[in-house]
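Shown next, in structure tokens, is the structure this report addresses.
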Amino acid sequence: MFDAIGLSPEGFVIAVLMTFSAAFVRGVTGFGMAIILVPLLGLVIAPEQAVVGAILLQLLIGPVGLRRVIADSEKESVLPISLTAVATTPLGLLALTMIPADQARLLIAVIAIGAFVLVTLPASASARAPSRIATLLTGSAAGLLAGFAGMPGPPVVPYYMRRNLPPRSSRASMILVFFATAIMGSLVAALRGLATPSLLALSAALFLPMLAGNWLGGQLFGRVPVRLWRAGVGLVLGIAAASALFRLLA
């Protein structure tokens with residue numbers, strides 16, 4: 001089994017714990033799985049493999065609770081962001097295959113830190129969506145980062161979190177965008193030979209821990225005050241930024 005997934009038994013246990021924890025965060029906040037998982041998986045596998053593995057896991061978890069997610073989402077923004085992100089995801093994957101591993105780690109760290117900074121900026125008092133141009137730029141950036149770093153979150157999270165939206169709507173909207181990029185990212189990765197048999201086997205092996213973590217996190221969603229939930233979002237991004245920086249300097 002361990003030969004098939006390309007990890008030692010110790011490495012697999014670490015990957016299981018990482019995946020469970022990242023999926024728990026996703027269940028609570030609606031995002032964070034890739035932002036946390038890509039830098040952490042990069043501790044046990046190559047950065048390119050960590051990115052593709054995170055994309056495959058996002059694809060597997062996407063259909064969970066999809067009907068409710070669609071009902072709760074802000075459809076007027078989710079559709080243009082998702083379509084634009086899907087269009088630019090292949091470009092991000094192309095960049096991933098062309099950039100050396102050390103430079104990829106640097107860019108991933110910068111992305112994670114930038115997301116943390118954006119979310120900590122003062123939020124808008126309005127619930128209205130930003131301009132169409134800002135919406136399309138958000139989608140374009142999300143797709144590029146989804147393909148390159150497996151992290152569509154940095155532009156999408158501030159787009160929703162810095163507005164006065166109900167947490168349920170923000171959470172559902174982000175989940176839908178991430179699922180859309182995962183579909184395209186997985187397809188392109190498969191066509192380009194990046195979704196190797198060992199990564200497919202690893203993703204399958206990590207599915208149950210991911211499902212369990214997501215379920216447990218989902219049980220907590222809606223049971224904490226909005227202010228505390230928003231603070232938790234910032235904390236998640238801060239931890240992700242710190243872990244990415246640690247991996248870069250290690």
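Quick notes
- Taking all protein chains as shown and a probe of 1.4 angstrom, R162 keeps an accessible surface of around 80 Å².
- Probe 1.4 Å - accessible area at D102, Å² to nearest ten: 110
- Cβ-placed point charges (K, R +1; D, E -1), dipole of the chain about Cα centre in debye, nearest 20: 880
- Put simply, the Cα atoms of the chain extend 51, 36, 36 Å along their principal axes, the longest span coming first.
- In this simple spin-label approximation, L94 and L220 carry label points 7 Å from Cα along the Cα→Cβ vector, and these lie 4.1 nm apart.
- Compactness index (Cα Rg / 2.2 N^0.38 Å), the stretch 142-203: 1.31
- Computed P(r) (all Cα pairs; the stretch 167-239; 10 Å bins; percent): 15, 36, 32, 15, 1
- Of all complete DSSP H helices in the chain, those with a Cα span along the helix axis of 18 Å or greater and a mean Kyte-Doolittle hydropathy of -1.0 or more are 9-29, 47-61, 75-98, 101-120, 132-149, 167-191, 197-220, 226-249.
- Pairwise Cα inverse-distance average, inverted: Kirkwood Rh of the stretch 5-65 (Å): 11.6
- P(r) for the stretch 18-158, from all Cα pairs and a bin width of 5 Å, is 2, 10, 18, 23, 22, 15, 7, 3, 0 %, short bins first.
- With every protein chain in place, the chain: carbon and sulfur % of accessible area (1.4 Å): 71
- Cα gyration tensor category, rounded, prolate or oblate, for the stretch 40-96 with a/c compared to 1.5: oblate
- Cβ-Cβ distance of A87 and R67, R₀ of 22 Å, FRET efficiency by 1/(1 + (r/R0)^6): the value works out to about 0.30.
The values are calculated or read from the model by the stated rules, or taken from the named source; none is laboratory data. Keep in mind the model is a prediction, meaning the values are calculated, not measured. Because the Cβ atoms are built from the backbone with ideal geometry, glycine has one as well, and the counts that use them run over all protein chains shown. With ligands, DNA and RNA removed, areas are computed over all heavy atoms of the protein, side chains included. Shrake-Rupley method; radii C 1.70, N 1.55, O 1.52, S 1.80 Å.
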